[in-house]
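Input: a single structure, listed below in structure tokens.
Just so you know, all these numbers are worked out from the coordinates, no wet-lab data involved. Just so you know, these numbers come straight off a predicted model, no measurement behind them. Here the Cβ positions follow ideal geometry from the backbone for every residue, glycine too, while neighbour counts run over all protein chains shown.
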């Protein structure tokens with residue numbers, strides 16, 4: 001059964017019903033292996049193929065989904081979508097996009113044994129005698145989505161992506177400490193094992209055998225992953241719908257400066273350090289490269305078709321779905337932070353490097369900016385490196401964005417739902433460290 005001819009069949013049925021509409025179909029697989037001390041903890045290969053239907057007429061939307069590709073199954077899904085349309089509330093007028101983009105012939109599956117990748121990784125990890133245990137994962141996915149609408153729009157896109165994550169627990173003289181690292185590849189065979197090993201161990205040893213320490217008047221540097229995790233909790237503030245409804249810190253702040261002159265927050269289809277792209281969203285819109293923050297000024301927000309129609313904007317290509325069984329919602333694509341015009345961290349005499357953050361969800365309010373999180377890390381004073389554990393960093397997130405002391409340029413990425421988020425190491429002044 002070919003996916004695209006069936007999608008075309010459903011579109012024809014929608015037109016004959018007298019509706020505008022859209023079909024989103026996806027197929028693919030995700031293979032993952034979790035390993036601990038060279039023992040496979042979990043291995044699975046999940047395949048999925050299904051479709052979601054949106055019907056639109058008279059400013060009302062109906063939705064249904066199914067993995068039954070038979071003609072009877074499609075008819076049932078269409079009738080269910082019509083039923084939800086009849087019960088739906090009126091909404092702003094939306095326009096489905098035209099445009100024709102196909103890359104169906106570039107399927108890049110790889111039938112490698114990904115367990116071998118983890119075995120090689122663990123061989124390298126355990127050359128360090130301090131390694132007590134690990135929990136490592138490799139994921140390989142190949143997925144296709146087809147989105148077609150009654151306005152003539154079509155996107156047919158294959159994409160392959162793999163990532164490797166290692167979490168390692170080191171044994172010290174007084175206790176133990178763990179940390180993690182990521183790497184991405186187009187194919188699993190391209191994953192950089194050495195970088196993950198060295199990065200995970202370096203981050204774990206940074207606060208190993210650390211003690212509580214109270215220092216004042218020193219910059220706090222968030223390591224790349226920790227800064228990304230904190231900012232991820234705030235990225236929803238750039239959702240155009242939340243802004244339009246006044247439920248975001250950024251409501252009413254368009255074209256206002258909220259961060260340092262050197263602060264840039266960018267969302268778009270690609271980044272030079274990543275081996276894959278996200279050129280289209282799940283509504284068939286091109287993902288626009290946009291500076292959400294430019295020189296610290298709020299310049300853009302993220303919209304899907306529905307939120308753009310409601311608030312008089314244009315979709316930015318940020319309408320993504322968790323699967324074919326869900327409606328699109330506003331989500332980032334490839335999002336990353338750039339800091340320009342600042343001295344490097346090596347120019348700082350003293351700073352506290354945070355390499356582990358705890359309690360972000362409970363200790364950080366993105367709307368008010370209030371932040372009080374538990375952290376581990378290392379206090380750097382010239383040539384001295386003092387491991388630190390069990391301290392608290394507190395302050396206001398939005399205020400700290402305006403107090404950048406230094407920053408490095410290298411960006412590291414984390415996965416995040418539909419996309420990925422990347423950040424450099426950044427030093428902030430004015431945060432409080434308490435033991």
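What is the helix-to-structure angle for 3-16, meaning the angle in degrees between its Cα long axis and the longest Cα principal axis of the chain, kept from 0 to 90 and rounded to the nearest 10?
Once rounded, one gets 50 degrees.
Most exposed first by the Cβ proxy, i.e. fewest other Cβ within 10 Å, how do 315, 409, 141 rank?
Fewest-to-most Cβ neighbours within 10 Å comes out as 409, 141, 315.
With angles folded into 0 to 90 degrees, how steeply does helix 114-125 sit against the dominant principal axis of the chain? Use alpha carbons for both and round to 10.
On a 0 to 90 degree scale, this one is about 10.
Select from 245, 171, 30 the residue whose mean-square fluctuation is largest in a Gaussian network model of the chain (Cα-Cα springs shorter than 10 Å).
Evaluated over the chain, the most mobile residue of the options is 245.
Listing 350, 342, 124 from the residue with the fewest other Cβ atoms within 10 Å to the one with the most, what is the order?
Exposure proxy ranking, most exposed first: 350, 124, 342.
Who wins for biggest fluctuation among 151, 407, 166 in a Gaussian network model of the chain, springs between alpha carbons below 10 Å?
Comparing 151, 407, 166 in the GNM, the peak value goes to 151.
Got a sec? How would 282, 322, 16, 271 order by Cβ neighbour count within 10 Å, fewest to most?
Sorted ascending by nearby Cβ count, the order is 16, 322, 271, 282.
For the stretch 3-204, treating each Cα as an identical point scatterer without solvent, what Debye log10 I(q)/I(0) comes out at q = 0.17 1/Å?
Here log10 of I(q) over I(0) equals -0.99.
Please check: in the Gaussian network model of the chain (C-alpha springs, under 10 Å), which one of 219, 344, 286 has the largest mean-square fluctuation.
Taking springs between Cα atoms under 10 Å, the residue moving most is 344.
Could you tell me what % of all Cα pairs in the chain have separations over 28 Å?
Within the chain, distances greater than 28 Å cover 56 percent of Cα pairs.
Relative contact order for the chain: what is it in percent, counting Cα pairs under 8 Å that are at least 6 residues apart?
15
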